[in-house]
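Derivation of every value follows stated rules applied to the coordinates shown; laboratory data play no part. Predicted model only: the values in this text are computed from it and were never measured. Every residue, glycine among them, receives a Cβ derived from its backbone with ideal geometry; neighbour counts consider all protein chains shown.
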Amino acid sequence: MPTAPPQRCTFTDHTGRCAALVRDGARCDQHKPKPWATRSRHWGKGSTRKSRAFRAEHLRREPNCRWCTAQGTSTPGEQVDHITPLSQGGAEFDHANAQTLCAPHHDAKTRAEAAARQRARRRTPR
């Protein structure tokens, strides 16, 4: 059975193209993307009918921002957030893994999660 000849790694940077030969037509082991550099399996699902229905049901169950309520105010919630992110194994359509947040608190949580991912990347050896 004929096989394709090895080709050069597709990685390119400011110094030029990698000279390593690979058989799968992609990148060598040194230049394969790290797990956090690729999109999760949930990326690009879009707004499905099921997710819109889940969001509407959760906003009906919990109309106010959970963080504002804990601080003693009642700000209407605008966004449904996954407590455990889907990329870390959180359930997508489980109300126990969802919380209603106002936009400022959702942005703060997202920034904190992004900073934690950055710290983890710095600790991971290349």
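Take every Cα pair under 8 Å whose residues are at least 6 apart in sequence, average their separation, divide by the length of the stretch 51-123, and the relative contact order is 30 percent. What is the calculated FRET efficiency for Arg27 to Ala115, with r their C-beta to C-beta distance and R₀ = 30 Å, to the nearest 0.05? Working from the Cβ atoms, E equals 0.60. Once a ≥ b ≥ c are taken as the square roots of the eigenvalues of the Cα gyration tensor of the stretch 51-123, is the result rounded (a/c under 1.5), prolate (a/b larger than b/c) or oblate (a/b not larger than b/c)? Because a/c hits 1.5 or more and a/b fails to exceed b/c, the stretch 51-123 counts as oblate. Less than 5 angstrom separates the built amide H of Asn64 from those of Gly77, all sequence-distant by 5 or more or on a different chain.
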